[in-house]
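One structure is given below, encoded as C-alpha cells.
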Amino acid sequence: MIFRTIALVGSLGIAASMAQAACSFDNETPVSSLTAGFEAWKAVTDAMAECGNVSASLDQEFREKQPEAFAANPALYQIGGVANSTIVPLLNAGTIRPLDDLVAEYGAALKPNQLIRIDGQTMAVAMMVNTQHLMVRQDILDELGLPVPATWNEALDTAEAIREAGLVDYPIGATFKTGWDLGEEFVNLYLGEGAAFVDAENMPSIANEAGIRSLETMTAMTEFMDPEYLVSDSTYVQQQFQQGKIAMANLWSSRAAAMEDPGESQVVGKVTMASAPMGSQRPASSIWWDGIVIAQNIPDEEAAAAFRVAMEGLDEEMVSANNDAAVWLVEGYVPGPLAAGAAATAEAGAAPYPGSAPMGIMHTALGNGIAAYLTGAKDAQTTLADIEAAYLVAAREAGLVD
Amino acid sequence: MATALARQPVSLKLLSSGFLALWCLVAAFPILWIAVMSVKSPVDAFDDRFWNVVTGPATLANGSGVSVLGIALYLAACWGMVRLVARQMPSLIGQIPPRRRWIGWVLGAAVVTLGAALVLFVLLPTLLAVLNPLAGPLGRDVFGFTTEHYRTVWIERGFLRNFQNSMIVTCGVVLVSLTVGTLAGYGLARSGSTLAFWILIIALVFRALPHSVLVAGYLPVFINSAEILRPILGDAAPTLYGKPLAVIAVLVAINQPFTIWMLRSFFQNIPADLDEAARVDGCTHFQAFRRVIMPVMWPGVITTGLFSFLLGYNDFLVTSLLLDAQNQTMVPAIAGMFNRETTTTDQVVAVAAAVSITAPLFILVMVFQRQIVSGLTAGAVKG
Amino acid sequence: MKFTTFSAFVGPSVVMMLLFIAFPLISVFVQSFQVTQPLYEAVEVETCTPGFLTQTCVIETRNQPVLGEDGKIVTETRWVGLQSYANVLELGRAWDAVSAGSWRALMAIDFWKALRFTLSFTLLTLPAVIALGLALAVAINNAGKRLRGPVIFVSLLPFIITPVIGALSINWLFRGDGILTALMERASGQDISMFAQAWTIEVLMMLYRVWHVAPFAAIVFYAGLQTVSSDSLESALIDGASRWQRMKYIVIPHLMPLILFVGMIHLMDSYRVFEEVVGFSSQGHVISLQWLTYDFLQPDQAGNRSISRASASAMLTMVGIVILLIPPLKRSWRDHRKAH
C-alpha cells in the first residue's frame, strides 16, 4: 500500500508539473476567485491555477459573500463565478466591470455566443449552459413499447403504464425539495405555459390559469413519486435514478454524466436524454448559463491579469479534458449523447431563466409556499394568492413595489 | 452498611445493565454505521440491505477486501496499542517535571499518532500480504473494505489543510476563552455586587440568543473592516474577513456566557478563605489568584475547556460565513462536499471525511474522560 | 473586592461580549423598526444570454437601483414603527383564524407555525432529556467499577459528535429506504416513509435532539450522584425506606440544582432549534423560529434579503426566551438577595 501511495503522490507531482506548462503565460499578479463549488467550476479553477499565483474559493456560501466581497474597495476577489440570477446583485451595485476591451485584447478564442451583453456592453463571459431535461430509462420504454413522452400529460400516462407494469419503485423522480429546488420546478412548468411572473410594475401575476395548471401538474407528478419528495434534492434524485428506482426525471443536464458512471450507476447505457416535456407554449424548463465576471474595484492591471487567467481556465484544453462535466459553450466542446437532452430542450425553444430582483423574491416565495399545496393544507387558488401576498410583503420591504 | 446499600436484587441489576447495553447500542450505532459506510464502494455504502452494506459485495468484486485473519490482526493491534498507551504514557509523562509536562503530552500524542499510522497502514498490510495466502480459508477476503475514500480526502482533496485550520481556530478559541473566562469567572465569584449579578444575568440572556441573527451582521463589517478602520489604523487596517483570528474572537465572545457561568460556579466552590489568607499575607488579588487559586482550579478549567473545544471544533455557522476557502475549517469543508453537486462517490468521500473529523474527538474524550467527571463533580453541583 | 480590581478581572470578557454580542443585538433592535431600501429607477435594457448555439436577446424594462457619486447604491432608511413586527406576526390573519376557530388557518401562517413547533419541540424534549439523563446516570452509577469508564465513553459519543454530521448520519439511516426504515418495513410489513409526513419528521427531530443532549445531562447527574452523602442514604435504609423512596426523598432533591441547571440550558438550546430543520430538510413540513429568522436573512439569488423582518422575528424570538427564563431568573435574584 505504501508503494502505491508513493506512486500516487509521485504521479500527482508529475501531473502538476506538466500542468504548470499548460498555461500560455506566467502569471505574476496574485489573482483570486469566488465561485460556486460544482464540478465544472472545479475543472475551470484547476485550469486557471496552472498559471500560478491563483487562489480559488469554491464556496457554497458564495451567494451571500459575493455581493459584499465585490463591493469592498479593493474588492476581495478579482474573478467571480455567476449565473443568470446571481449576476443581478453585482450588476445592480455596479461592482463588475465591462469586459469589451479585455475581450478585444485577450479573448480571441471566445465565441460570440459566450458574451453576455447588457445594453451592448459585455458584462460576463459564459462558459456553460445548464438546463433541466428529461432523462428516461429506454429499456423500460422498450419493454412497454412506449415512445419517449413529449409533454407532461404523455409523461404522466407513461408513468401510469410503468406503475401498472411494476417495473420500478417510483415511475417519476423530481427535485421537489422545499425551497429553491421546489420553486425551480414550478418556474419550469410555468415558463412552459409562456406566462409572466411579474408585470411591468413588479406586481405579481401568477394567480392565473397557467399557475393553477402548473400546480396541478405538480400534484399529478407526486402521485408517481417517492412520498418523501419534499426532501428530495438533485443529488438524491440522481442517486435513486442510478440505483434503478426511478424511470424518468426532469433532471439537470450537469447530472447526465453520473448516469453513465460505471463506478456508481446501475443503469449505465439504459438512459435516454430527451428534451424537457413541452408545456402549452414551450418546453417546461429554463436555460441557465454560468460564467465569469471581473470586479470593478481593482486596478486595471489586476483586471487584465485576472481576465487572462480566466481565459486560460476557459480554453480548449480544459474542455477536452472535461468534455462530459458540463454542456460547455467553449470552443472545442464535442456534444456527446449526454448533451442530446440539453440540445433538444434548447432547440424546442426553452426560455432563459428570467433572473431579476423581483424574480429572486418570487422564486423564494414559490419555494416556500408550494409545499402547503402539495401536502394538501391549501387549495391551488389559496396557495397562489398566499404566494402573491408573501411576494408583495417582501417586494415592499425591498422597495420594488410601492 | 455500605455493602447493604450496594446489594441489589438480580432483576434490578439485569434491568439496569440491559438498559445500559441498549443505550450504548443506540449511542454508538450511527457513528459506527458511517464508519462502515466510509470503507465501502459507493454502490455498497448506499445499499438498502443491511448485510450488503456490512459485507460489501460490490467492494469485494472490485478487489478490495479484508480477511477474517486481517480483521483479527487489526483488532488485536488496536487493542494492544490502546492498552500500551493507557498503561505506559501517564507513567512516562509523570517522570517529566510538572512545568514541562505539556511538552510531554504533545510529543506523546505525536508519537502515538505516527506509530498508529505506521502500524495500521504500513506494517499490517505488508504482514497480511504475506500471511493471507498461507492461512487458507481464513485468509480469503470476506468483507469489502477499501481505504480509497480516505486517501481521496486526505491526499487529493487536501483535507490536511482544513485539519490544520480547524486546529488553529479550536486551539485559539480554547486558549483565549479560558484566559478571559477564568479571570472573569473568578472576579464574578468573589464579588457579590449587584453589578456582578446583572452581568451574569445579561450573559445568560446572550447565551440564549439565536446565533444566526448575530452572525449575519458580522459579514459586511468584517469584509469592509479595512475601509472602516482606515481612519484609525491607517494603511495597516486589516480585512478581518477570512482571518482565523477574527473568527476566534467571535467564537470566544459567543462562548463567553457559558464559560463564565461554568467557571464562576467552580470558583465559588473553592473556599474564599484560601485567597483571603493570601491577601492577609500581603498579596494583591492578582497575586492571590496566581499563587493560590491557579494551582487548584485545573479540574474546572479542563472541563470548561473541553466545552470550548467542542464549540470551536464543531462550529459551522460562524466559520462557514467568515472564512474563505484558503483557511476553511473542517466542518464547513465537509458540508460543502455534501451540498455541492455531488456524485455518489463524492458523498462516500464526504462520509470518510466525516469519520475523520470524529476521530480527534474520540481521542479527546478518551484522554479527558476522567477529568470531565471529576471537574463536574467539583464544581457544577451547586448549579 | 474593589471596583477597579473587579473590572480588571471581568473587563476583557465584558468587552468581548459587548463588541460581538451586544452591539450586533442593538443594531438588530434598531433595524427591526426601520426599513432600508435602494432607490430604484426603471430602465429599458437589452440583455443577451447564450442559448445552446445562438444567443437570445430580449429588451425589457428593469428596475435598477440608482448609483450615487461614490459608486454605491443610494439607499433610503425609514422608520416604520411596528410594521415589520406586524408583517411577521400577521395579526389580522391570525385573528381571523382564531375567531373562525380554524387551527389549520392559523398554522398556515409562518410565524405561528414556527412558534407551535418550537414550543412543542422544547417542552416535549425537556422531560425526555431529564428522564433519560437521570436513568442513565443511575444505571452507570449502578454498573461495576470497571465497566463505568467504557460506558461513559460510549455514552458521550452522541454529545461530542459534530451536530451537522450527527444529523446527516441519522438522515442516512432513515431517509428513503435507509437501513433502519427498511428494518421497520420488514418488521411491520408496510411501506414506511419517515420523511413523507410532518409528524414522523417531528418525532425524528426530537429523538435526534434527545440522543444528542441526554449524554450531557447524564454526565452532569452522574457527577452529582458522586456527592450524595452515603450517611443520609444509610440512615434512610435503617428507617426502612425502599429503593424508590430513597431515590425520591434523598437523591432527587440532592440533584435538584443540577436538574434545574440542565433544564435551563436545554430550554435555551432547544428554543433556538435550527440545525435539525436544516439537517432533516424539514422546512416543507415544519419550521422553527430561528429557521424563520435565518430564512429571512438568507439572500435569494438576486441578492434580496428581508433584514427588517428578520430583525423583528429575532426580537420576537428573544422575547420568548426571556419569558421562558423568567422563573429561573427570579430564583437567582432571590438567591442573590439572600446571599448579600
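The values are calculated or read from the model by the stated rules, or taken from the named source; none is laboratory data. Owing to the predicted nature of the structure, the values given are computational and were not obtained by experimental measurement. In this analysis, Cβ positions are derived from the backbone assuming ideal geometry, glycine residues included, and neighbour counts consider all displayed protein chains.
Key figures for this structure:
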quantity: Selection from the stretch C:1-54 of residues that are within 30 Å of the chain's Cα centre (by Cα), aliphatic (A, V, I, L, M) and in a strand (DSSP E or B); calculated: C:Val35
quantity: Residue in the stretch B:158-179 that is loosely packed, with under 15 Cβ neighbours inside 10 Å, out of contact with any His (no Cβ under 6 Å at 6 or more places or on another chain) and at pLDDT below 85 present; calculated: yes
quantity: Residue in the stretch A:22-41 that is farthest from A:Ile298 (Cα to Cα), counting only those that are among the aromatic types (Phe, Trp, Tyr) and under 19 Å from the mean Cα position of the chain (by Cα); calculated: A:Phe38
quantity: Those residues of the stretch B:288-316 which are at the interface with chain C (Cβ under 9 Å from one of its Cβ atoms) and out of contact with any helix residue (DSSP H, G or I) (no Cβ under 7 Å at 6 or more places or on another chain), in sequence order; calculated: none
quantity: Some residue of the stretch B:53-73 being over 30 Å from B:Val122 (Cβ atoms), buried (at least 16 other Cβ atoms within 10 Å of the Cβ), within 10 Å of chain C (Cβ to nearest Cβ) and of a type in the set (A, V, I, L, M, F, W, C); calculated: no
quantity: Residue within the stretch A:92-108 that is at pLDDT below 90 and under 26 Å from A:Ala256 (Cα atoms) present; calculated: no
quantity: Scan of the stretch A:363-381 for residues that are surrounded by fewer than 22 Cβ atoms within 10 Å (Cβ to Cβ), more than 8 Å from chain C (Cβ to nearest Cβ) and without any contact (Cβ under 8 Å) to a residue 24 or more places away in the chain, ordered by number; calculated: A:Gly376, A:Asp379
quantity: All positions within the stretch A:324-352 that are within 14 Å of the chain's Cα centre (by Cα), closer than 25 Å to C:Glu46 by Cα and more than 9 Å from chain C (Cβ to nearest Cβ); calculated: A:Trp328
quantity: Answer from A:Gly183, A:Gly179, A:Gly173 - the residue that is touching a His at 6+ places or on another chain (Cβ under 7 Å) and within 14 Å of another protein chain (Cβ to nearest Cβ); calculated: A:Gly183
quantity: Helices (runs of 4 or more DSSP H) within the stretch B:18-75 that include 1 or more residues within 31 Å of the chain's Cα centre (by Cα) and within 29 Å of C:Ser155 (Cβ to Cβ); calculated: B:42-45, B:50-55
quantity: Only listed residue being surrounded by fewer than 24 Cβ atoms within 10 Å (Cβ to Cβ) and part of a helix (DSSP H, G or I), chosen from A:Ala310, A:Ala304; calculated: A:Ala304
quantity: The lone exception for A:Val401 - which of (1) more than 8 Å from chain C (Cβ to nearest Cβ); (2) part of a loop (DSSP other than H, G, I, E, B); (3) over 18 Å from the mean Cα position of the chain (by Cα); (4) more than 30 Å from C:Val80 (Cβ to Cβ) it fails; calculated: (4)
quantity: Subset of the stretch B:286-309 that is free of Cβ contacts under 8 Å to residues at least 40 places away in the same chain and crowded, with 16+ Cβ neighbours inside 10 Å - its residue that is farthest from C:Ile161 (Cα to Cα); calculated: B:Ala288
quantity: Subset of the stretch B:217-260 (residues that are in contact (Cβ under 8 Å) with a residue 12 or more places away in the chain, of a type in the set (A, V, I, L, M), at the interface with chain C (Cβ under 8 Å from one of its Cβ atoms) and surrounded by 22 or more Cβ atoms within 10 Å (Cβ to Cβ)); calculated: B:Val250, B:Val252, B:Ile254, B:Ile260
quantity: Tally, over the stretch A:93-115, of residues that are touching a Leu at 6+ places or on another chain (Cβ under 9 Å) and facing chain C (nearest Cβ under 8 Å); calculated: 5
quantity: Filter result for the condition that a residue is facing another protein chain (nearest Cβ under 10 Å) and surrounded by fewer than 21 Cβ atoms within 10 Å (Cβ to Cβ), over C:His254, C:His285; calculated: C:His254
quantity: Failed criterion for B:Ala249 (all others in (1) at pLDDT 85 or above; (2) touching a Lys or Arg at 6+ places or on another chain (Cβ under 9 Å) hold); calculated: (2)
quantity: Residue in the stretch C:49-72 that is charged (D, E, K, R) and closer than 30 Å to A:Pro112 by Cα present; calculated: yes
quantity: Any hit, the stretch B:351-369, residues being more than 9 Å from chain C (Cβ to nearest Cβ) and over 15 Å from the mean Cα position of the chain (by Cα); calculated: yes
quantity: Residue in the stretch A:291-300 that is within 11 Å of another protein chain (Cβ to nearest Cβ), surrounded by fewer than 24 Cβ atoms within 10 Å (Cβ to Cβ) and either closer than 28 Å to C:Val66 by Cα or not aromatic (Phe, Trp, Tyr) (or both) present; calculated: yes
quantity: Some residue of the stretch C:40-57 being more than 10 Å from every other protein chain (Cβ to nearest Cβ) and either more than 25 Å from A:Ala295 (Cα to Cα) or surrounded by 15 or more Cβ atoms within 10 Å (Cβ to Cβ) (or both); calculated: no
quantity: Residue within the stretch C:271-280 that is facing chain B (nearest Cβ under 10 Å), within 30 Å of C:Asn171 (Cα to Cα) and surrounded by fewer than 19 Cβ atoms within 10 Å (Cβ to Cβ) present; calculated: yes
quantity: Options A:Gly360, A:Gly332, A:Gly341; residue that is touching an Asp or Glu at 6+ places or on another chain (Cβ under 6 Å) and either crowded, with 24+ Cβ neighbours inside 10 Å or in a helix (DSSP H, G or I) (or both); calculated: A:Gly360
quantity: Residue list for the stretch B:255-302, restricted to those being closer than 21 Å to B:Arg207 by Cα and either of a type in the set (Val, Ile, Thr) or not in a helix (DSSP H, G or I) (or both); calculated: B:Thr259, B:Ile260, B:Val301, B:Ile302
quantity: Exclusive hit being buried (at least 16 other Cβ atoms within 10 Å of the Cβ), in contact (Cβ under 8 Å) with a residue 60 or more places away in the chain, of a type outside the set (D, E, K, R) and not assigned by TED's automatic domain parsing to the domain that holds A:Ser214, set A:Leu102, A:Leu58, A:Leu76; calculated: A:Leu102
quantity: Residue match in the stretch C:208-221 (condition: touching an Asp or Glu at 6+ places or on another chain (Cβ under 7 Å) and of a type in the set (Ser, Thr, Tyr)); calculated: yes
quantity: Filter result (facing another protein chain (nearest Cβ under 9 Å), in a loop (DSSP other than H, G, I, E, B) and surrounded by fewer than 21 Cβ atoms within 10 Å (Cβ to Cβ)) within the stretch C:178-203; calculated: C:Gly178, C:Asp191, C:Ser193, C:Ala196, C:Gln197
